[in-house]
Amino acid sequence: MNHPRSRLDEVIHSPVRFSIVAALASAHQIEFRVLRDTVEVSDSALSKQIATLEEAGYVVVHKFRVGRRTRTSLLLSTEGRKAFEQHVRALRDIASGVDLPPSAPD
């Protein structure tokens, strides 16, 4: 299959996961609560999507303590960054009509 959609990453393609990965791509790391507020989802929805991204090897999860509380920090792995960049390139190619045959003259 030559169409650019064949290069879309099914893990990243979900709107919430795409939003998460895009946010992580723009920062070195983000705390869970900041990411939750940025992508405007509930704690449970974010946790579920992060688990999927972590299982794919796209996100690294770090837990650390601040006083008596445990905080979670997230960052995009090298593999996740590459997958995101390829996914975005595929979206741009689809949007720009790359690989479309030239239009026939009227």
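Explain nothing, just the number: relative contact order of the chain, from Cα pairs under 8 Å at least 6 residues apart, as a whole percent.
Working: 111 pairs, mean separation 37.2, N = 106.
That works out to 35 percent.
Would you work out which of PRO15, ILE30, LEU76 lies farthest towards the positive end of the dipole of the chain, given +1 charges on the beta-carbon of Lys and Arg and -1 on that of Asp and Glu, about the Cα centre? Final value for the positive-end residue is ILE30. Full extension of the chain between ARG89 and VAL61 gives 7.5 nm of extra length, using 0.36 nm per residue less the Cα-Cα distance.
Distant-in-sequence amide contacts of ARG71, defined by a placed amide H-H separation under 5 Å and a gap of 5 or more residues or a different chain, comprise PHE64, ARG65, VAL66. Using a Förster distance of 30 angstrom, determine the FRET efficiency expected from the C-beta separation of LYS48 and SER96, and round it to 0.05. Rounded to the nearest 0.05, the efficiency is 0.35.
Readers should treat all values here as calculations from the given coordinates under stated rules, not as data from a laboratory. Since this is a predicted model, take the numbers as computed values, not measurements. Glycine gets a Cβ as well: all are built from the backbone with ideal geometry, and neighbour counts include every protein chain shown.
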